[in-house]
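Okay, handing you the structure first.
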Amino acid sequence: MAKARSVYVCSDCGASAARWQGRCTQCGAWNSMQETAAPTRGQASHRFAPLAQASPVQPLAQIEAREQSRNPTGISEFDRVLGGGLVAGAMVLIGGDPGIGKSTLLLQALASISTTQSVLYVTGEESAEQVALRAQRLGVADAAVDLLAEIRLEAISAALLEHKPAVAVIDSIQTLYSDQLSAAPGSVSQVRECAAQLTRIAKQTGVTLILIGHVTKDGALAGPRVLEHMVDSVLYFEGDTHSSFRLVRAIKNRFGAVNELGVFAMTDRGLRGVSNPSALFLAGHARQVAGTCVLATQEGSRPLLVEIQALVDSAHIPNPRRLSVGLESSRLAMLLAILHRHAGVATFDQDVFVNAVGGVRIIEPAADLAVALAMLSSMRNRPLPEGLVVFGELGLAGEIRPAPRGQERLREAAKLGFSVALVPRANAPRTAIKGLRIHALDRIEDAVRWLQES
Ligand code: TYD
Ligand code: MG
């Protein structure tokens, strides 16, 4: 009898090798090669045949492009991240920490869609009773949602082909296994195989599939990165499980804009959309305190005001700590270098901690000026002026670069009662904004000088 072959698959990038290696030659990750059963020969060629439909070469101009029709889920914040709603035959992957509300949101979405279309909820993590209990809590126990408690891919495929729901949720992709492979559920090969087969079904039948995915400790989706390439949209849940706010962000969307943010509040009856979130991430101090600065940021099409906090404190170890929560830590090191070189502020003997309030993650560089001012304020232990809002990117040469949609940020800040704004010169509005004094800046030195004078 032939010996069962095994291959080693990288759990980070999905590359495979015939022998075990300490380091993946494809992505360079250490200790990521895991043994899995090799697929039997001859199967791979025809299993995916339905995906490879023959099509002739044709000129681009002659291809009729129809606007994809969208199915709103009825949950407006969720529709916002999806770019208007679900598209037939699309695969959506939604990731997030355990307990953040993935199952809750999707059960609510299915219940809402079920008023007009057929839907199926496949649960691999919880029993049918547990899902029913949650539905009761959400007040949607009577919704026409079909439920399937199953983790075998072949059974799920059969159910999808038989019932042909308009939308199906798989909770979660890491619990599924296929008979074709002997590897354990959640392993790279199983996740990849199950996702590939489900993609085939989605494209073939026009079922919209929403896959729930687990994330690792560093916040990346567990399993191979190939999952992100296979699907049409990738959404991530963000936010602190301790606070009641939950953010859903689109990382990839073949049918709409990315970086739209959906904002929800977790209540005792599930997730409720927050349609006007601009003031959500302000800490609300009774009076101005040192080490905080309000940033006017832009998330997708909405401006958002977020409080940035910094603590700069003398270090008692030779290697001072640099820690950032919700902001990029490599960017923090860069900002400290800019402050040193261009503003004469040295922090080599100081621990530096920065944090964006409310668990929101800020990736845009326009947050630089706010982070720098919060650090300066903490270092000098002097609060920034009352009613101050800032934005602007810092360049390595010390210049302050403009940010997109400056006017909208400023108008939102004025609406929320802010009275002073420090902005890059190119973002200074031509017509005055009522209630807002604008100071246009060219360089970080200007900002530091303005602080000393005010
Ligand atoms: P859940 O959707 O099970 O999380 P995930 O599927 O992402 O792991 O979220 C569960 C959390 O939300 C749980 O800790 C309890 C809380 N919750 C509420 O606060 N209110 C509710 O109505 C529901 C259903 C859950
Ligand atoms: Mg869950």
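Laboratory data are not the source of any read-out in this text; all were calculated from the coordinates shown. Every value quoted in this text rests on a predicted model; they were computed, and no experiment measured them. Ideal geometry is used to build each Cβ from the backbone, glycine not excepted, and the neighbour counts take in all protein chains shown.
List the longest stretch of the chain that has no exposed loop site; here a site is one of the GluC sites (Glu not before Pro) assigned by DSSP to anything other than H, G, I, E or B, with at most 12 other Cβ within 10 Å.
With GluC sites (Glu not before Pro) excluded where exposed in loops, the chain gives 68-385 as its longest stretch.
Could you give the nm distance between label points at R152 and R66, where each point is 7 Å from its Cα heading toward the beta carbon?
3.7
So, one more: What shape does the stretch 350-454 have by the C-alpha gyration tensor, where a ≥ b ≥ c are the square roots of the eigenvalues, rounded means a/c under 1.5, and otherwise prolate means a/b greater than b/c and oblate the rest?
Rounded shape, in that the Cα axes give a/c under 1.5.
Read phi for every residue in the stretch 261-277 and hand back ³J(HN,Hα) as whole Hz from Karplus 6.51 cos²θ - 1.76 cosθ + 1.60, θ = phi - 60°, with x for Gly and Pro.
Result, rounded to whole Hz: 10, x, 10, 10, 10, 7, 10, 6, 10, x, 8, 10, x, 10, 7, 10, x.
Here is a further query. How would the stretch 155-295 be classified by its alpha-carbon gyration tensor: rounded, prolate or oblate, with rounded meaning a/c under 1.5 and the a/b versus b/c comparison settling the rest?
It comes out prolate by the Cα gyration axes.
What 222 nm value per residue comes from the helices of the chain, counting each DSSP H run with n ≥ 4 as -39,500 (n - 2.57) and dividing by all residues, nearest 500 deg cm²/dmol?
After summing the helix terms and dividing by the residues of the chain, the value is -7500 deg cm²/dmol.
Roughly speaking, what is the stretch gain from A286 to E126, that is 0.36 nm per residue apart minus the C-alpha to C-alpha distance, in nm to one decimal?
53.2 nm
Using the Cα centre of the stretch 313-454 as the reference point, and only Cβ charges (+1 on K/R, -1 on D/E), how large is the resulting charge dipole? Debye, rounded to the nearest 20.
Value, rounded to 20: 400 debye.
Mind pulling the angle between the C-alpha long axis of helix 102-113 and the longest principal axis of the chain? Nearest 10 degrees, somewhere in 0 to 90.
In the chain, helix 102-113 runs at an angle near 70 degrees to the longest axis.
Still on this model: How many nm is it between the label spots at V258 and L323, if each spot is 7 Å from the Cα in line with the beta carbon?
Inter-label distance under the simple model: 3.0 nm.
Sticking with this one: Once amide H atoms are placed 1.01 Å from N in the peptide plane, what residues at a sequence separation of 5 or more from V274, or on another chain, have their amide H within under 5 Å of its amide H?
For V274, the qualifying residues are V263, F264, A265.
Classify the stretch 86-130 as rounded, prolate or oblate, taking a ≥ b ≥ c as the square roots of the eigenvalues of its Cα gyration tensor: rounded when a/c is under 1.5, otherwise prolate if a/b is larger than b/c and oblate if not.
Because a/c hits 1.5 or more and a/b fails to exceed b/c, the stretch 86-130 counts as oblate.
Roughly speaking, what is the stretch gain from Q58 to R269, that is 0.36 nm per residue apart minus the C-alpha to C-alpha distance, in nm to one decimal?
This chain segment gains 70.7 nm when fully extended.
Also, quick follow-up: So how tilted is helix 368-380 from the main axis of the chain? Cα-based, degrees 0 to 90, rounded to 10.
Compared with the principal axis, the helix lies near 50 degrees.
Turning to a different aspect of this structure: Taking only Cα atoms, what is the 0 to 90° angle, nearest 10, from helix 128-138's long axis to the longest principal axis of the chain?
40
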